[in-house]
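These notes concern the structure reproduced below.
No lab work stands behind these numbers, since they all come straight from the coordinates. None of these values were measured; they are calculated from a predicted model. Cβ placement follows ideal geometry from the backbone for every residue including glycine, while neighbour counts extend to all protein chains displayed.
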Amino acid sequence: MSFDQWLLAFHLLSAFAFVGAAVLFTILIVAVRKMDTPGPTVALAPVGLLGNVVVGIGSLGTIVFGVWLAISEDRWQVWDGWVIAAIVLWAIGSGIGARAGKEYEHGLHRARELQASGQTGPDEELLALNRTSRGLLFHTISSIAMILILIDMIWKPGA
């Protein structure tokens, strides 16, 4: 395998991790929307932590290996329109996705507060925090940006 093929392989593996983490977060969002007690909410925290690690590795790897590949490959340039579009969409998706995570952390913090005070029953505030409409909006925008990146990468408009 050539060096460029290795770069492409790492870029694609990073993209799979990035998309996989987004799917994991979607599943978590669906699961947590019905939770009004602290126990199950806190129980999902390790899954969210794993998702944060994977999305970080996938996000960073995707941009680093993608830009490196665009520089290394003679047929592509970093200033090609489809590459710039991917970078802009990556920045939007990553930034807004991080904001979605911050919104959902409020529910986890509330659940931990409830557990610390010995409350294990249903809590309306926890349910409202777990159903955050801002978090859902941010996650949806981030997911749309990711889908647009995939479309851009597959068809490379203007290349």
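DSSP loop GluC sites (Glu not before Pro) in segment 72-159 with at most 14 other Cβ atoms within 10 Å of their Cβ, which ones? Don't jump to the answer; show the numbers that get you there.
Numbers: sites: Glu73, Glu103, Glu105, Glu113, Glu124, Glu125; in loops: Glu73.
In loop regions of segment 72-159 (DSSP not H, G, I, E or B), the sparsely surrounded GluC sites (Glu not before Pro) are Glu73.
Provide Phe25, Phe16 in ascending order of the number of other Cβ atoms located within 10 Å of each residue's Cβ, fewest first.
In increasing order of surrounding Cβ atoms, one gets Phe16, Phe25.
Specify the angular offset, from 0 to 90 degrees and rounded to the nearest 10, of the alpha carbon long axis of helix 45-72 from the longest principal axis of the alpha carbons in the chain.
10
How tilted is helix 3-32 with respect to the longest principal axis of the chain? Cα atoms for both, answer in degrees (0 to 90, nearest 10).
20
Looking at the square roots a ≥ b ≥ c of the eigenvalues of the Cα gyration tensor of segment 41-90, which shape do they give, rounded for a/c under 1.5, prolate if a/b is larger than b/c, or oblate?
Since a/c reaches 1.5 and a/b is larger than b/c, the shape of segment 41-90 is classed as prolate.
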